[in-house]
Structures are given as C-alpha cells and as structure tokens.
1. Only one residue in GLU223, GLU234 is charged (D, E, K, R), crowded, with 19+ Cβ neighbours inside 10 Å and in contact with a strand residue (DSSP E or B) (Cβ under 9 Å, 6 or more places away or on another chain). Which one?
2. Sort through LEU95, LEU129 and tell me the only one that's surrounded by 19 or more Cβ atoms within 10 Å (Cβ to Cβ) and either of a type outside the set (Lys, Arg) or part of a helix (DSSP H, G or I) (or both).
3. Could you run through region 173-192 and say how many residues are in a helix (DSSP H, G or I) and either loosely packed, with under 15 Cβ neighbours inside 10 Å or at pLDDT 95 or above (or both)?
4. Would you mention how many residues in region 259-294 are over 23 Å from the mean Cα position of the chain (by Cα) and over 17 Å from PRO178 (Cβ atoms)?
5. Could you list, in sequence order, all residues of region 216-268 that are outside any loop (DSSP other than H, G, I, E, B), aliphatic (A, V, I, L, M) and in contact with a Leu (Cβ under 8 Å, 6 or more places away or on another chain)?
6. Consider region 148-165. How many of its residues are more than 17 Å from PRO206 (Cβ to Cβ) and surrounded by 14 or more Cβ atoms within 10 Å (Cβ to Cβ)?
7. Checking the condition more than 24 Å from ILE153 (Cβ to Cβ) and either out of contact with any Pro (no Cβ under 6 Å at 6 or more places or on another chain) or in contact (Cβ under 8 Å) with a residue 40 or more places away in the chain (or both), which residue from GLN82, GLN112, GLN118 passes?
8. Determine which member of the set LEU110, LEU69, LEU86 is surrounded by 12 or more Cβ atoms within 10 Å (Cβ to Cβ) and in contact with a strand residue (DSSP E or B) (Cβ under 7 Å, 6 or more places away or on another chain).
Amino acid sequence: MTSDTKSVGQILEQWVSGKTPNPLESQQLLAEELADHLKAKAFGITEDNGEQVIQARSHLFEIVYPDILRLPYFETTPETQQKTLLCLWNLWLPLAMELVSCRKQLGRPLIQGILGGQGTGKTTLAAVLSVILHKLGDGLRPAFSERTLSLSIDDLYKTYKERQQLQEQDRRLIWRGPPGTHDVELGLQLLDQLRSPSPTPQILVPRFDKSAFGGAGDRITPEVVESIDIVLFEGWFVGVRPIEPEAFDGSVPEPIHTLEDREFARDMNQQLRLYVPLWERLDRLMVLYPTDYR
C-alpha cells in the first residue's frame, strides 16, 4: 500500500463522513475482496461477478451504516467505529446478502443456526443481521424487519415449575442451561410452523425472562409473528450432536475432573440425542470461533 493508498478502514471512515469512494477506491475494495481467497470462495465472489457484488454491497452499506452505528452494542470512539465498519463491510453485509440468496433458492423460510459460546457475539450478530435484513426487502412486501425472527435456545427453556420438578428428579440440574432443561417438542413445533407456514399466518413464539423468580427465569407471554422469511436460531449448543459414549472412558478435556464430572458429561451427552430432530430442522449452521476474546 503506497502513501497515497488508503486502507479499507480509512475508505469506510471517509464514506460515513460524506465522501463516497472514487472509482480507484472502489477498485481497491474489489481487489481486497478477491485477495482473500477463502472469504471470496465462502461468499461466492469471483472476478466475473466482483464488480456487481461490490456495487450491491456499497448500496446497502450507505443505507444501513447509520442504524448499525446507533446500536447499543458498539462504542462510538474513532478506533472502535472503524472496527465496527470493517465488520459491517467484511462480514455482516455479505452474510446478510447470502442469507437472502439462500432463502430465495429454498423457496421457503430459512432456518439459520448460530452456534457459539458465551460472549462470542451470538446476540449481537443476530441483532445486526436483523437491521440489515430490514433494508433488504424485495419491494413486494413490507420491510424485511417483519420477516426476520431472532430466536434463542433460551426461549425454549422449560417453565419454572417444570424445571423445579426436574430438579427433584436430578439434583444436578439446579441451573438452567444443560441439555434436558429445554422443551424440545415445543421447539420442533415452532420450527415446523416457521418452515412451512400454514393458512393461519400468526405464529406464537415462546419467550423467556431470565430475571423471573429471582434469576431462575420463567417463560413469559409469547410473541406473535407472521410472514417470517429468515429465522436466526442461536445458542451455546445449537447444532451440537452427541459423541460416542466411549469418548468418556479415556482422557477427557477440561473442565471434567472428577468421576462425578465424567458421569454428568455422559448423561448430558445422552440428553443431546433428544435435540437431534431439532437440529435437523436447521438449513444452515454457522459456528462463531473467536481467536481473541478481547
């Protein structure tokens, strides 16, 4: 990069300040996309369609960046703003565009699974994608925000009363979260309704309040939705399948230390089998794998 050449971050910063990229800068944005071979392959960007992709993404960038920067998840300092803009340009925009493309190819609502541990950004990603998808309406129906649903595995928790009964059967389930503390059948019914809309358009989506009962949490009034096109289904073990039981016989990873830990891991692995039908309703699954939690 020469002294006269701006970085992608600098181009985006001047963009939000009112100076749109000139032709040379647009070519630089395209060159950066094609230079990252793995990302270009993942998002289907080639030399043949590259200019068209950059034009479409540029148009969407101009529309959505004010709403993205106003989200409460992001600080507004110059350094953090450039990081947010880079994430928007390099990941969130192409991902949202890909989701719409996949949904159109399916010809029905798309169920996108999002797997990630605590603090990896599942909720933030779902919120950002919802804002972008709001702007990607196809002009035939109302804005896309009415057709995108964010759903957490937490929303499928069993009720407080049911989990109290569960604790009486297994004292190890004092905390919500492990496999076995969710209403899998409720999740199956919901995803089936969302994937194959019935003549009755309204769908009741379960919601969970973690603050209820002193932090134990309980289900609250369901949300009523209709005409959903894309479901963003996130959670810390969404899509995770059981492994062979023999894997617990030998050396096991942290934080399994005691015999009791090992037995609990075996039992939770067995519980995962009940969730497999739920995972089979997913059309796609992405895994958030941060290299640096800072």
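The values are calculated or read from the model by the stated rules, or taken from the named source; none is laboratory data. Here the structure is a predicted model, which is why all the values come from computation and not from measurement. Glycine also receives a Cβ, built like all others from the backbone with ideal geometry; neighbour counts cover every protein chain displayed.
1. Among GLU223, GLU234, only GLU234 is charged (D, E, K, R), crowded, with 19+ Cβ neighbours inside 10 Å and in contact with a strand residue (DSSP E or B) (Cβ under 9 Å, 6 or more places away or on another chain).
2. Exactly one residue qualifies, and that residue is LEU129.
3. Qualifying residue count, region 173-192: 10.
4. Within region 259-294, residues that are over 23 Å from the mean Cα position of the chain (by Cα) and over 17 Å from PRO178 (Cβ atoms) number 1.
5. VAL224, VAL225, ILE230, VAL231, LEU232
6. 1
7. Answer to the selection: GLN82.
8. LEU110
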